[in-house]
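The values are calculated or read from the model by the stated rules, or taken from the named source; none is laboratory data. Bear in mind that the values here come from a model prediction, so they are computed numbers and not experimental data. Note that we place each Cβ from the backbone using ideal geometry, even for glycine, and neighbour counts take in every protein chain shown. The accessibility values were calculated without ligands, DNA or RNA, using every heavy atom of the protein model including side chains. Shrake-Rupley method; radii C 1.70, N 1.55, O 1.52, S 1.80 Å.
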Amino acid sequence: MASSMQSSYLPATTDSLAQALEAISPSESISLLYRILEDPSSSTEALRIKEQAISKLSDLLTQEKKAEELRSLLTQLRPFFSLIPKAKTARIVRGIIDAVAKIPGTSDLQISLCKEMVEWTRAEKRTFLRQRVEARLAALLMENKEYSEALNLLTGLIKEVRRLDDKLLLVDIDLLESKLHFSLRNLPKAKASLTAARTAANAIYVPPAQQGTIDLQSGILHAEEKDYKTAYSYFFEAFEAFNALEDPRAVFSLKYMLLCKIMVNQADDVAGIISSKAGLNYLGPDLDAMKAVADAHSKRSLKFFETALRNYKAQLEEDPIVHRHLSSLYDTLMEQNLCRLIEPYSRVEIAHIAEMIELPDGHVEKKLSQMILDKKFAGTLDQGAGCLIIFDDPKTDAIFPATLETITNIGKVVDSLYVRSARIMA
């Protein structure tokens, strides 16, 4: 029994519940609700009141940020679960796990709580609940970057759920597996899992929030393949679904829509999307960050780009999806700027280029060296003199392609003659 419980119980009646809810302080309400749960009565009415008391108690403990008490509540309720239907047990257990998730900084506690519940459900042979708690545990492990453990858990779970043909849970698990493979940079497997999720979703009614999640993941995978136009369509579908549900993920879908516009050189459309009726509902740092990037891209200014990355670090660099695409965009923008600046010169000081592009000397030197190795232009770095020497593009000699073509044609003639001589000899 939890420390908050007292030796004398309150009868599980509507009056007792009302008394608990009308208490002066949350701590007093919590104490009275615990006493209601101590009532040994197992009548239908008493069980119904206890269910309501559990719901109110978990809400109050969440408000008071008492994560450990929520955990002990779940352990203490196990005898009560044997008195109520399994479906109600599943709802209460998942509700309390969700309540713990609302308290910040409890990811380790949630993982250990889920592991405890998996052991209990396995012992009690509650397969339906165990599968859902295991799916939740895999999601938590993925968030905690414990990828191998999450993948091992999902691999076994998928086989089991496929045998049972529980389509709704299968959609959840396939989608989770897709996210996990994407985090591990295994794009083919991420796409295969997403296709499996879509196939399962087509056979059943999928709630709008779940459909929005599928569209969001589809957009992320298409963006990873540089197919930004298709990605934009999926992000738009996800945004519409989340916007209708007032889901906080709507702002991320909108942010990724803007990212796609920037990546296809349509940065001028960003301001229009932000000022649209739907966009105005989500004004804030996320959209401000994308607007700053769009402005920097339109002006082809690396200085503005770096300022945006610095000012909106949380929104740009700490979002792995945005960060990955902006890194490639930054590199492209920098290469274009450097090629434009060095074009008039045959020999130029690196310090002068750095001054013109408004970036540190070392940063510019490193990038020029990389561009030379990638054959973006012909040249060499004279580090002793701190200069870049640019060579004229070597003109390709026309004799080599012509010689190769002649040899190829001779080869075809010899092959043809060999076939003919073989026929004559036969």
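The residue of segment 224-268 that is least open to solvent (accessible area, probe 1.4 Å), among those that are under 16 Å from the mean Cα position of the chain (by Cα) and among the basic types (K, R), is K255.
Of the candidates L333, L326, L341, the single residue that is part of a helix (DSSP H, G or I) and crowded, with 18+ Cβ neighbours inside 10 Å is L326. Within this structure, K375 fails the test of being assigned to a helix (DSSP H, G or I) and out of contact with any Asp or Glu (no Cβ under 6 Å at 6 or more places or on another chain).
Could you please find all residues in segment 20-48 being surrounded by fewer than 22 Cβ atoms within 10 Å (Cβ to Cβ) and β-branched (V, I, T)? Residues satisfying the conditions are I24, T44.
Just one of (1) over 20 Å from L70 (Cβ atoms); (2) open to solvent by less than 30 Å² (accessible area, probe 1.4 Å) fails for Y147. It is (2).
For segment 237-270, filtering for residues that are within 15 Å of G284 (Cβ to Cβ) and among the basic types (K, R) leaves 2.
Mind counting the residues in segment 85-114 that are open to solvent by less than 40 Å² (accessible area, probe 1.4 Å), among the hydrophobic types (A, V, I, L, M, F, W, C) and under 23 Å from the mean Cα position of the chain (by Cα)? Counting residues in segment 85-114 that are open to solvent by less than 40 Å² (accessible area, probe 1.4 Å), among the hydrophobic types (A, V, I, L, M, F, W, C) and under 23 Å from the mean Cα position of the chain (by Cα) gives 7.
Filtering segment 132-188 to residues that are of a type in the set (D, E), farther than 22 Å from K115 by Cβ and not in a loop (DSSP other than H, G, I, E, B) leaves only D174. Among the residues of segment 11-28, just one is of a type in the set (G, A, S), touching a helix residue (DSSP H, G or I) at 6+ places or on another chain (Cβ under 8 Å) and either touching a residue at least 40 places away in the same chain (Cβ under 8 Å) or farther than 12 Å from K56 by Cβ (or both), namely A12. Within the option set K277, K291, being open to solvent by 10 Å² or more (accessible area, probe 1.4 Å), out of contact with any Cys (no Cβ under 8 Å at 6 or more places or on another chain) and modelled with pLDDT of 90 or more holds for one residue only, K291.
A quick yes/no check of all residues on (1) hydrophobic (A, V, I, L, M, F, W, C); (2) within 28 Å of I389 (Cα to Cα); (3) modelled with pLDDT under 85:
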{"position": "L287", "(1), (2), (3)": "yes, no, no"}
{"position": "L309", "(1), (2), (3)": "yes, no, no"}
{"position": "L326", "(1), (2), (3)": "yes, no, no"}
{"position": "E335", "(1), (2), (3)": "no, yes, yes"}
{"position": "E349", "(1), (2), (3)": "no, yes, no"}
{"position": "P360", "(1), (2), (3)": "no, yes, yes"}
{"position": "E365", "(1), (2), (3)": "no, yes, no"}
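For segment 115-141, the set of residues classified as open to solvent by less than 30 Å² (accessible area, probe 1.4 Å) and in contact with a Lys or Arg (Cβ under 9 Å, 6 or more places away or on another chain) consists of M117, V118, W120, T121, R126, L129, R130, V133, L137, A139, listed by residue number. For segment 199-211, does any single residue satisfy the condition of being part of a helix (DSSP H, G or I), under 26 Å from S328 (Cβ atoms) and over 15 Å from the mean Cα position of the chain (by Cα)? Looking through segment 199-211, none of the residues is part of a helix (DSSP H, G or I), under 26 Å from S328 (Cβ atoms) and over 15 Å from the mean Cα position of the chain (by Cα).
Out of all the residues in segment 67-83, is one or more modelled with pLDDT of 90 or more, buried (at least 16 other Cβ atoms within 10 Å of the Cβ) and among the acidic types (D, E)? Checking segment 67-83: at least one residue is modelled with pLDDT of 90 or more, buried (at least 16 other Cβ atoms within 10 Å of the Cβ) and among the acidic types (D, E).
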